[in-house]
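Working notes, beginning with the structure itself.
No value in this document is a laboratory result; all are computed from the given coordinates. This structure is a prediction, so every number in the text was calculated from the model and none was measured. All Cβ positions, glycine included, derive from the backbone under ideal geometry; neighbour counts span all protein chains shown.
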Amino acid sequence: LPLATTRRLLNELLSSDSGRRALQYGSTAGDAELRRLTAERLRTEDGVDEPHVSADDIVITNGSQQMLYMLTECLCDPWDIILVEDPTYFVYLGIAQSHGLRCRGIRMQPDGIDLLHLETVLEQINKAGELRRLKFIYLVTYFQNPTGITTSAEKKERTLKLLRHYERKAGHPIYLLEDAAYRHLKFPTAPRVKSALATTRFIDRVIYTSTYSKAFATGVRVGFGILPKEVMRAVLRVKGNHDFGTANLLQHLVAAALKSGDYDANLTTLQQRYTCKARVMTAACRAHFPDGISWLEPTGGLYVWASGPRHINTGLRSKFFKAALAENILYVAGSLCYADDPSRRAPSNEMRLSFGAAIESNISEGIRRLGNVFRNALSRTRRST
Ligand SMILES: Cc1ncc(COP(=O)(O)O)c(C=O)c1O
C-alpha cells in the first residue's frame, strides 16, 4: 500500500492553493480535472487516436461499487431481466437480488461469454414475450472476478450487435454494462484488450465502469462510470440524492497521484507483486492438488478459479467448506457466483481462491492444506461408493 506516497501527496495538496478546494464540497459528477485525466487515460489504454469519451461522459463515484448500484437502480424495475456471466461477480448478484431482478446466466468460454448461448437466451426471452423487461448484460471483462477470464474485443463487439438486433423488439435500449474493475491489474504477458467503447459504433449502448481503488489503495474509494447521455441524467439525480459527490479530498488525491506519475509507479509495483503471487499460487496448486482438480491460470487480477470433481460439493454448508475452515482456509464458494437462474443447474464443485492479500509463504501453505482437504474428500467419496 502506498503509505509514504499518500502522505507526501496529501501534504503537497494541503499546502497548495488546491488544499482549500479539496476540503470543500465538490460537484455531483466529480472533480473536473480527475474526469479529464480519466478520459485521457482511457484513450491511451484503448489506443485510439481521437478521444472517444470526454470528461462530460464521466461520473466519479464512491468506488465502482456505487456506480453498479446506481445503474441498477436507474435502469431497472423489480422483475426486470438482466443477463450475467455464469459465473459472475457475486456481490453484483446481491445488488440484482435487492432490486428484485431476474438474472439469466450466460455460459463462459476462455475468451468471454458463449455468443451462441447468448443468442439462445435472447431468443428464449423473445419467445416468452419478455424482451421489454430485458435491460442490460453485465460483463466483468478484464481478469474477471471470479474466473480470471478476459473477454476479447471481438466478443464485446458481437455482443453489442446481437443486443442491437433484439433492441428493436424490446422498444428500448439494451445496454452492455462493462465492468472493468481489474483492467489495470494486468500481468506483463497478457495482451492489451480494447474496451467495448473502442470496439463499436454503438458507443451509446456501452456503459463502462472502473475504479482507481484496486490499483492504488482499496480504502481510497474512487471509481467512475462512463455513461450515455440519457443514463447520465438519471445517475446524476440518484448520485445527488446519495451524497452530492464523491469525497472531494480523495478525488484530489487520486488526480494528484495520476499527474505526478505516482499512480503508475504504484501500479507497476502491484502488477509485479500480483504476478509473483499468482505464480506462487499456481505452482502450489501443481505441487499439492491431487489429480482431478483443475484451475485456470490467471493473466491478471487477483483470483484463481479451481474446480473439483462434480460430486465434491464446495458450498458454504458443505463438509468440504467446514474442513477447509478448520485448516484456516477461506475461499469463495463457487456456487455463490452463479445467478439464481432456474433454467439451469448451477455447479457446486468450484471455488475462487484469492492471492491478493496473503503473503507468499501463506499462499503456498494454504494451497498445501487445501490439497489435503481435497485428498480427504476424494478418499471419503471413494470409500462411500
Ligand atoms: C468485478 C468487480 N467490480 C466492482 C468492484 C468494486 O470495487 P470498488 O468499489 O473498490 O471500485 C469489485 C470489488 O471487488 C469487483 O470485484
Checklist entry - What order do you get for His52, His242 when you list them from fewest to most C-beta neighbours inside 10 Å? => result His242, His52
Item to check | Kirkwood Rh (inverse of mean 1/r, distinct Cα pairs), region 26-152, angstrom | outcome: 16.4 Å
Checklist entry - At a Förster distance of 41 Å, what's the computed FRET efficiency of Arg286 paired with Asp340, Cβ-Cβ distance as r, to 0.05? => result 0.75
Next on the checklist: Using only alpha-carbon positions, what ratio does the radius of gyration of region 1-88 give when scaled by 2.2 N^0.38 Å?
Outcome noted: 1.46
Checklist entry - What percent does the relative contact order of the chain come to when contacts are Cα pairs within less than 8 Å and at least six residues apart? => result 20 percent
Checklist entry - In region 1-100, which chymotrypsin sites (Phe, Trp or Tyr not before Pro) are in a loop and have at most 14 other Cβ atoms within 10 Å, using DSSP for the loop call? => result Tyr25, Trp79
Next on the checklist: Give me the net charge for the shell around Ile81: Cβ to Cβ below 9 angstrom, other residues only, Lys and Arg +1, Asp and Glu -1.
Outcome noted: +2
Checklist entry - Hey, can you rank 13-19, 102-108 by average C-beta count inside 10 Å, highest first? => result 102-108, 13-19
Checklist outcome for this item: Neighbour-count ranking for Leu3, Leu68 (other C-beta within 10 angstrom, fewest to most) reads Leu3, Leu68
Checklist outcome for this item: Rounded to two decimals, the Debye log10 I(q)/I(0) of the chain (Cα scatterers, no solvent) at q = 0.11 Å⁻¹ is -0.82
Next on the checklist: Can you classify region 111-259 as rounded, prolate or oblate using the Cα gyration tensor, where a ≥ b ≥ c are the square roots of its eigenvalues, rounded means a/c under 1.5, and otherwise it's prolate if a/b beats b/c and oblate if not?
Outcome noted: oblate
Next on the checklist: Name the residue from His52, Ser364, Gln144 whose Cα lies farthest towards the positive end of the charge dipole of the chain, charges +1 on Cβ of Lys and Arg and -1 on Cβ of Asp and Glu.
Outcome noted: Ser364
Item to check | Separation between Cα centres of region 302-347 and region 48-109, rounded to whole Å | outcome: 24 Å
Checklist outcome for this item: Rounded to the nearest 5, the percent of antiparallel DSSP beta bridges in the chain equals 50 percent
Checklist entry - With a 10 Å Cβ neighbour count serving as the proxy for reagent exposure, in which order, fewest first, do Ile203, Ile312 appear? => result Ile203, Ile312
Item to check | Calculated FRET efficiency for the pair Ala4/Trp79, C-beta based, R₀ 45 Å, to 0.05 | outcome: 0.30
Item to check | Value of [θ]222 nm, deg cm²/dmol, for the chain, DSSP H segments ≥ 4, -39500 (n - 2.57) each, nearest 500 | outcome: -14500 deg cm²/dmol
Checklist outcome for this item: Taking the reciprocal of mean 1/r across every pair of different Cα atoms in region 199-329, the Kirkwood radius in Å is 19.0 Å
